[in-house]
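Below: one structure, written as structure tokens.
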Amino acid sequence: MEDTKILLVEDNANCVNTISKALHEKGYECITANNADEALTLFYSNNISLSIINTTLAGKDGFTLAGEIKTAQQSAAVIFLSQKNDEREKIQAFNIGADDFVVKPFFTSELVLRIEAVIRRATLGISRNNIFTFSNFTFNYNRQLLTYSNPETKKIEERKLTYKESDLLKILCLNINQIVGRTTILHKVWKKDTYFNARSMDVYITKLRKYLSCDSNVEILNQHGIGFKLAYS
């Protein structure tokens, strides 16, 4: 994590101190700015892995800054911090291409977990803003959202996935109708091939099967001792 640089754009000094301290303790390099212009200069001059941006900056706001960062680097990872639990702000954030949206006040430990999840997804080599569609499902990886368009009721059913569920389903989607080895999944999602991680993986596969069971055209197949395949006919 020594080469992982995080840009924190926040004009509340207490918030800056708390977050930067937590990130340094985790081994990340945290670069801070209190306005958009300074932040953009730092973004251009550093190899930033993730930008954490307050939506309500003085002067140029956080959404405008994030848009400029995305224009410069479409794949740039962004987490928004906001004082408002407002649906319109969240929609605006995700339309820009945000990886997450965190409402204040928050537990610092939770924010760190969210940060690590975004960085982990980046290390999987996954392109951001990918949306997968198969049969009646749409899977938005960035939003960790699995959507099912029920052909009988004509209703949209949504399920929020956990980080592990999202990472696991993404790997299967990237290799749809192809076997993905157990060892490959364990190293990419769980970081280590151990007995306990293998049992955990089996539990998550069972969960995903349950979520997908409403569509007879989709199933996760198990090739014993080898791996899993997301099969779509």
So which residues in the range 141-155 are exposed (fewer than 11 other Cβ atoms within 10 Å of the Cβ) and either in contact with a Ser or Thr (Cβ under 6 Å, 6 or more places away or on another chain) or basic (K, R) (or both)? K154, K155
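Looking at the range 175-196 only, could you name the residues that are in contact with a Leu (Cβ under 9 Å, 6 or more places away or on another chain) and either within 28 Å of S233 (Cα to Cα) or surrounded by 13 or more Cβ atoms within 10 Å (Cβ to Cβ) (or both)?
Of the range 175-196, the ones in contact with a Leu (Cβ under 9 Å, 6 or more places away or on another chain) are 175-180, 185, 188-189, 192-194.
If the condition is that a residue be in contact with a Leu (Cβ under 9 Å, 6 or more places away or on another chain) and either within 28 Å of S233 (Cα to Cα) or surrounded by 13 or more Cβ atoms within 10 Å (Cβ to Cβ) (or both), then N175, I176, N177, Q178, I179, V180, I185, K188, V189, D193 are the ones that fit.
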Just checking: which of the helices (runs of 4 or more DSSP H) contained wholly in the range 18-136 hold 3 or more residues that are closer than 25 Å to L172 by Cα, under 13 Å from the mean Cα position of the chain (by Cα) and touching a residue at least 24 places away in the same chain (Cβ under 8 Å)? 108-123
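In this structure, is T41 over 17 Å from L111 (Cβ atoms), surrounded by 12 or more Cβ atoms within 10 Å (Cβ to Cβ) and assigned by TED's automatic domain parsing to the domain that holds E87?
Working: over 17 Å from L111 (Cβ atoms): yes; surrounded by 12 or more Cβ atoms within 10 Å (Cβ to Cβ): no; assigned by TED's automatic domain parsing to the domain that holds E87: yes.
So T41 fails the test.
Yes or no, residue by residue, for (1) touching a strand residue (DSSP E or B) at 6+ places or on another chain (Cβ under 6 Å); (2) farther than 26 Å from K21 by Cα:
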| site | (1), (2) |
| --- | --- |
| S45 | no, no |
| T64 | no, yes |
| F101 | yes, no |
| F106 | no, no |
For S49, all conditions in the list (1) in contact with a Cys (Cβ under 7 Å, 6 or more places away or on another chain); (2) within 18 Å of D99 (Cα to Cα) hold save one; what is the number of the exception? (1)
Of (1) in contact with a helix residue (DSSP H, G or I) (Cβ under 7 Å, 6 or more places away or on another chain); (2) more than 21 Å from I131 (Cβ to Cβ); (3) of a type in the set (V, I, T), I48 satisfies all except one. Which? (1)
So is R199 over 30 Å from K155 (Cα atoms) and either surrounded by 18 or more Cβ atoms within 10 Å (Cβ to Cβ) or β-branched (V, I, T) (or both) or not? no
Among the listed residues D202, D193, D167, identify the single one that is out of contact with any strand residue (DSSP E or B) (no Cβ under 8 Å at 6 or more places or on another chain), part of a loop (DSSP other than H, G, I, E, B) and either in contact (Cβ under 8 Å) with a residue 40 or more places away in the chain or on the phi < 0 side of the Ramachandran plot (or both). D193
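The values are calculated or read from the model by the stated rules, or taken from the named source; none is laboratory data. Because the structure is predicted, anything quoted here is derived from the model rather than measured. Don't worry about glycine lacking a Cβ; one is built from the backbone with ideal geometry, like all the others, and counts go over all protein chains shown.
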